[in-house]
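Here's the structure we're looking at; comments come further down.
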Amino acid sequence: MSDLPTAQHRPITARDGCQDPVLLNDWHVVGYASDFAVGSIYPVRLLERDLIVWRSADGKVHCWEDLCIHRGARLSKGWIKNDQVVCPYHGWQYDHAGRCTLMPAAPDEKPMRKALAFPYAVEERYGFVWVCLGEATDALPPFSEWADERFLKVHSGPYVYDANGYRAVENFIDASHFPFVHAGLNGRMEQPDRLKPYSVEETASGLCSSEVEVFQPVGDARGQPVMAFYTYKTFRPLVAYFSKRTQKADAQGNIVADHSDTFTTLFTVQAIDATHSIVRVCAALDVQPYPAPEKVRERADIIYNQDRDIVETQRPERIPTELRYELHHRTDLMGQRYRSWLRGKGVTYGVI
């Protein structure tokens, strides 16, 4: 018997919330690997589904529906005993595969074959825990810098957004807001960048832009001005990435060094529901000297909190994938293509 639920073994709660197969069959980050210690049960919410995540003594991470099949109690209110999950209502115990091993009211009886938890596919990679609620149609998104020892890796967040997850992604892949939302850091309000035309192509892994050039007064955690050249990518509806090539500049934006540094970011969104989300990021830096990780996080906190404050104001809350509902300019090309890409993939949840 498979450890994962079949079409005949689905929780009744699966009838609620998101029914979009594009999202259900995709991978979603639900936390950092370091969030989940052995011996505890952690409740998480994804696409209006209540789940638990727990780590067994062998180090493996498990994700189940937050539901005991017996009487529907929340397993997140239970505990771990002998490396098994114990339901808080009647004490039923479930092993790593989700099989009930003990019914305390009838300890001499073998639990019924249908006495099962509802496990989901889970992967631990790039310092994140990823979950798929359906049948994964693709491997996890790429992040080649993770295995490259030249890059310093720093996780930041979580950032809780009272906002639609696609709105958060679109903001991440937009450069023209820098002078206003991130004035003094990623741009100058008094002298906004004139964005040159750029292109966006669709590849097997998603969307990819050509370089977008901007001046940044404080371009990274080292506190220096840079000319930055962004390449944006969207790997999944709720996973994006940028590679930022930087060259040291003076205060007027003139490049003063031939050497280029590289700063990349994997941007993930956990969609709690259609209008609430959690952003988690991993930055990878190939720069010399390396900044202190704390400085990288401090700067990220400023940037993503500024982003959150503006994204939470956007209306309608659900992103329009029909382009006629909002006005688009050539400088919005990546966001415009992202919306069309969502529509082309058949995404129906959280959009209008």
Exercise for the section: Please find, among Trp54, Trp27, Trp92, the residue that is over 25 Å from Thr137 (Cα atoms), surrounded by 15 or more Cβ atoms within 10 Å (Cβ to Cβ) and at pLDDT 95 or above. Expected result: Trp92
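Do we have Asp138 as surrounded by fewer than 20 Cβ atoms within 10 Å (Cβ to Cβ), within 30 Å of Glu65 (Cβ to Cβ) and not assigned by TED's automatic domain parsing to the domain that holds Asp26 here?
Against the criterion (surrounded by fewer than 20 Cβ atoms within 10 Å (Cβ to Cβ), within 30 Å of Glu65 (Cβ to Cβ) and not assigned by TED's automatic domain parsing to the domain that holds Asp26), Asp138 qualifies.
Which ones in segment 209-227 are assigned to a loop (DSSP other than H, G, I, E, B) and closer than 24 Å to Pro141 by Cβ?
Ser210, Glu211, Asp220
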Practice task
Kindly check whether there is at least one residue in segment 177-196 that is small (Gly, Ala, Ser), modelled with pLDDT of 95 or more, in contact with an Asp or Glu (Cβ under 7 Å, 6 or more places away or on another chain) and farther than 20 Å from His276 by Cα.
Solution key: yes
Practice task
Could you tell me whether any residue of segment 331-351 is closer than 22 Å to Phe128 by Cβ, in contact with a Gly (Cβ under 7 Å, 6 or more places away or on another chain) and not small (Gly, Ala, Ser)?
Solution key: no
Problem - Answer from Val44, Val86, Val53 - the residue that is touching a strand residue (DSSP E or B) at 6+ places or on another chain (Cβ under 8 Å), among the hydrophobic types (A, V, I, L, M, F, W, C) and over 30 Å from His155 (Cβ atoms) - result: Val86
Exercise for the section: Filter segment 142-176 down to the residues that are touching a Gly at 6+ places or on another chain (Cβ under 8 Å) and within 15 Å of Phe235 (Cα to Cα), then identify the one that is surrounded by the fewest Cβ atoms within 10 Å (Cβ to Cβ). Expected result: Glu170
Completion exercise
The one condition Leu152 fails out of (1) outside the structural domain of Glu298 (by TED's automatic domain parsing); (2) touching a residue at least 12 places away in the same chain (Cβ under 8 Å); (3) on the phi < 0 side of the Ramachandran plot is (1)
Exercise for the section: Report yes if Ala117 is touching an Asp or Glu at 6+ places or on another chain (Cβ under 8 Å) and not assigned by TED's automatic domain parsing to the domain that holds Thr264, otherwise no. Expected result: yes
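Could you list all residues from segment 170-201 that are touching a Ser or Thr at 6+ places or on another chain (Cβ under 7 Å) and not in a strand (DSSP E or B)? Steps first, answer last, please.
The initial filter retains those residues of segment 170-201 that are touching a Ser or Thr at 6+ places or on another chain (Cβ under 7 Å), namely 173, 176, 195, 198-200.
Those that are touching a Ser or Thr at 6+ places or on another chain (Cβ under 7 Å) and not in a strand (DSSP E or B): Ile173, Ser176, Leu195, Tyr198, Ser199.
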Exercise for the section: Assess whether Asp26 counts as being among the acidic types (Asp, Glu) and either in contact with a Cys (Cβ under 8 Å, 6 or more places away or on another chain) or assigned to a strand (DSSP E or B) (or both). Expected result: yes
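Picking from Asp26, Asp58, which residue would you name as being within 30 Å of Val169 (Cα to Cα) and not polar (S, T, N, Q)? Before you say what the answer is, go through the steps one by one.
Details: Asp58 fails: within 30 Å of Val169 (Cα to Cα).
Only one candidate passes the filter, namely Asp26.
Is it fair to say Ala221 is among the aliphatic types (A, V, I, L, M), at pLDDT below 95, surrounded by 20 or more Cβ atoms within 10 Å (Cβ to Cβ) and within 29 Å of Trp130 (Cβ to Cβ)?
So Ala221 fits the description; yes.
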Exercise for the section: Determine if segment 219-229 includes at least one residue that is farther than 19 Å from Phe151 by Cα and out of contact with any strand residue (DSSP E or B) (no Cβ under 9 Å at 6 or more places or on another chain). Expected result: no
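The values are calculated or read from the model by the stated rules, or taken from the named source; none is laboratory data. Since this is a predicted model, take the numbers as computed values, not measurements. A quick note on method: Cβ atoms are made from the backbone with ideal geometry, for glycine too, and the neighbour counts reach across all protein chains shown.
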